[in-house]
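The values are calculated or read from the model by the stated rules, or taken from the named source; none is laboratory data. All figures in this text were calculated on a predicted structure; none of them were measured in a lab. Heads up, the Cβs are rebuilt from the backbone with ideal geometry, glycines too, and the neighbour counts pull from every protein chain shown. Each accessible area value is taken on the protein alone, full model and side chains, heavy atoms only, with ligands, DNA and RNA left out. Shrake-Rupley method; radii C 1.70, N 1.55, O 1.52, S 1.80 Å.
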Amino acid sequence: MNSSRLTAEINHLAHFSSHPAPAVTRVLFSPEDFAARTWLIDLATDAGFFIRSDAVGNLFITWLGSDPSLPAVATGSHIDAIPNAGKYDGVVGVLGALEAMRSLRESGHQPVRSIELIMFTAEEPTRFGIGCLGSRLLAGTTSPDQAHALRDPNGRSLDDLRPSSDPLSSVLLQPGHYSAFLELHIEQGPHLDASGIDIGIVEKIAAPAAFRLTLTGTGGHAGAVLMPDRHDAFLAAAEIALAVESSALNSSSPDTVGTVGKVEVRPGAINSIPNHALIEIDFRDTDLTTRDQAIALIQSTAEAICQRRGVSLLWQHINADPPATCAPHLVTLIESATTTLGYSQQRMISRAYHDSLFMARICPTCMIFIPCDKGYSHRPDEYSSPEAIAKGTLVLAESLRQLSAA
Ligand code: GLV
Ligand code: MN
Ligand code: MN
């Protein structure tokens, strides 16, 4: 493979950002996202692959096999980036896969099954509040009606923004459409980097859940309303955020994690008591039972906090997905590809979610992880070395070679 070509492309893609370098921000259907998509389409066209896009903007880059009637082997990831992110999350699985396809072709491989690279729309939840929108629609986990109802923070709908007038129902894929799906991704955690292991082979993807809480209290003058008479919406939200932390800390599963990463307070004036607060809770676990027990505890605690404070609570469910199990035959195949290439490896869990969580519902799926510096991710200093990326790309290429051979 051509590691310097891939490194240059990863660096180039980072320029499509609404924040200056080293930060990367590329929100779904923003001018930067559209420019990045156009650049990727040009790159894949120059490489001689066939390209199509579906009604939600998932992009499919296809290398036709000698028997295109067989279910294709798919690979891919995303290129959208949360605010103030780095340049590797998702991107390695898109540009690395393109490099894997180009180098397999340059090495003389002729696939029997087609190889299809998917760039998924909106793996990140930034614009519409829900992650993995493209793969959810492909797998049928989110219905077209649920997708029609989505609004961004400015009230714009998915239908206003998506670059296609085809019905969203046309996005759905039938089980059996793909023979396998592989996603190359940075680990986004510290394990591989700390232990000096080249490749992580994912056996399970943790189960994510997300909730939006709207709290309505009573506003008033920050000097004139005495403390016993207050119904401060922000203080109720703050107590709930602490309850999220303690519920995760007290869970019997070491894998339970809870985050309140989004807070809105209104009216937002220093001398005004907040009458409105909105928080979003991200809650995950590898074990569905302990995750849901912890969420039930947060919900009952939140209701008690709001009752005590005289604040009303609207609890909205965004998503609560089960974990995914990777296909054992793909775990074994990637393990043997990694051994053939002489790299060190370890089976592991993905604590972040990925489009693989939803692809696993419609085809055998597995993920290839590579180390990233100190495990940093979703921040501008996210870094994965060209050597680490090259190893992951070669493992992906060798796995795709084998899977497309028959
Ligand atoms: C994906 O970006 C996640 O939040 O796990
Ligand atoms: Mn991400
Ligand atoms: Mn990602």
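What ³J(HN,Hα) values, in whole Hz, does the Karplus curve 6.51 cos²θ - 1.76 cosθ + 1.60 give for the stretch 139-156 when θ = phi - 60°, with x put for Gly and Pro?
8, x, 6, 10, 8, x, 5, 4, 5, 4, 7, 5, 9, 7, x, 9, x, 7
Every cysteine in the chain with no other Cys Cβ under 4.7 Å from its Cβ, please list them in numeric order.
Cys132, Cys306, Cys363, Cys372 - these cysteines have no disulfide-compatible partner (Cβ-Cβ under 4.7 Å) in the chain.
Excluding Gln293 itself, what net charge comes from residues whose Cβ is under 12 Å from its Cβ, given Lys and Arg +1 and Asp and Glu -1?
-2
Give me the number: length gained by fully extending Gln293 to Arg52, i.e. 0.36 nm times residue separation minus the C-alpha to C-alpha distance, one decimal in nm. Don't skip to the answer; put the middle values down first.
Working: separation 241, 0.36 × 241 = 86.76 nm, distance 4.29 nm.
My answer for the length gained is 82.5 nm.
Tell me the accessible surface of Cys326 in square angstrom (1.4 angstrom probe, heavy atoms of protein chains only), to the nearest ten.
Answer for Cys326: close to 10 Å² accessible.
Hey, what's the per residue convex hull volume over the C-alpha atoms of the chain, in cubic angstrom?
Numbers: hull volume 56.6 nm³, N = 406.
Once divided by residue count, the hull of the chain is 140 Å³.
Which aspartates and glutamates have a Cα less than 20 Å from the Cα of Lys391, not counting those fewer than 8 places away in the same chain?
Glu9, Asp89, Glu99, Glu106, Glu183, Glu187, Asp193, Asp198, Glu203, Glu335, Asp373, Glu382
Using θ = phi - 60° and the Karplus form 6.51 cos²θ - 1.76 cosθ + 1.60, what ³J(HN,Hα) does each residue of the stretch 272-284 get, whole Hz, x for Gly and Pro?
After applying 6.51 cos²θ - 1.76 cosθ + 1.60, I find 9, 5, x, 9, 9, 9, 10, 10, 10, 10, 10, 9, 9 Hz.
Quick check: at a probe of 1.4 Å, how many percent of the accessible area of the chain sits on carbon and sulfur atoms?
Numbers: 9000 of 16380 Å².
Carbon plus sulfur share of accessible area: 55 percent.
Where the Cα atoms of the stretch 20-156 are projected onto their three principal axes, how long is each span, largest first, in whole Å?
Principal extents (Cα only, largest first): 49, 38, 19 Å.
Using the C-alpha atoms of the stretch 1-68, what convex hull volume per residue, in cubic angstrom, is computed?
About 97 Å³ per residue, rounded to a whole number.
Starting from the eigenvalues of the Cα gyration tensor, five times each then square-rooted, give me the equivalent ellipsoid semi-axes of the stretch 207-320, largest first, whole Å. Display every interim value, and only then the final one.
Working: eigenvalues 167, 32, 23 Å².
The three semi-axes for the stretch 207-320 are 29, 13, 11 Å.
How large is the accessible surface per residue of the stretch 1-45, computed with a 1.4 Å probe and reported in Å² as a whole number?
Working: 1990 Å² over 45 residues.
Dividing the accessible area of the stretch 1-45 by its residue count gives 44 Å².
In straight Cα distance, which lysines are under 17 Å from Lys374, not counting same-chain residues fewer than 8 positions off?
Within reach: Lys87.
Work through the residues other than Ile370 whose Cβ is under 9 Å from its Cβ and net out their charges, Lys, Arg +1 and Asp, Glu -1. Walk me through the numbers on the way to the answer.
Numbers: positive: Lys391; negative: Glu187, Asp198.
Result for the local shell: -1.
Any idea what the relative contact order of the stretch 207-320 is, in percent, if you count C-alpha pairs under 8 Å spaced at least 6 apart? Kindly include the intermediate steps, with their values, before the conclusion.
Values: 232 pairs, mean separation 50.0, N = 114.
For the stretch 207-320, the relative contact order is 44 percent.
Distances over 19 Å make up what percent of all Cα-Cα pairs in the stretch 258-406?
On the way: 7544 of 11026 pairs.
Value for the stretch 258-406 (Cα pairs over 19 Å): 68 percent.
Pull up the cross-link candidates among the aspartates and glutamates for Lys262, meaning alpha carbon to alpha carbon under 13 Å and not fewer than 8 places away within one chain.
Glu280, Asp282
Please give the residues of the stretch 145-163, grouped as numeric ranges, whose backbone N is less than 16 Å from a label point set 7 Å along the Cα-to-Cβ vector of Leu314.
Hits in the stretch 145-163 for Leu314 at 16 Å: 149-156.
At 1.4 Å probe size, with every protein chain present, just tell me what the per residue accessible area of the stretch 207-320 comes to in Å². Walk me through the numbers before you get to the answer.
Working: 5780 Å² over 114 residues.
Heavy-atom accessible area per residue stands at 51 Å².
What is the extension gain from Thr218 to Ser246, computed as 0.36 nm multiplied by their sequence separation minus the C-alpha to C-alpha distance, in nm to one decimal?
7.4 nm
As an exercise, use a Förster radius of 22 Å and the Cβ-Cβ distance of Asp145 and Gln174 to find the FRET efficiency, rounded to the nearest 0.05. Show your work: numbers first, answer last.
Details: r = 20 Å, r/R0 = 0.89.
Rounded to the nearest 0.05, the efficiency is 0.65.
Keeping all protein chains in place and using 1.4 angstrom, which order do Ser350, Ser69 fall into by accessible surface area, from largest down? If you can, show how the numbers build up before the last one.
Details: Ser350 0, Ser69 100 Å².
Largest accessible area first, the list is Ser69, Ser350.
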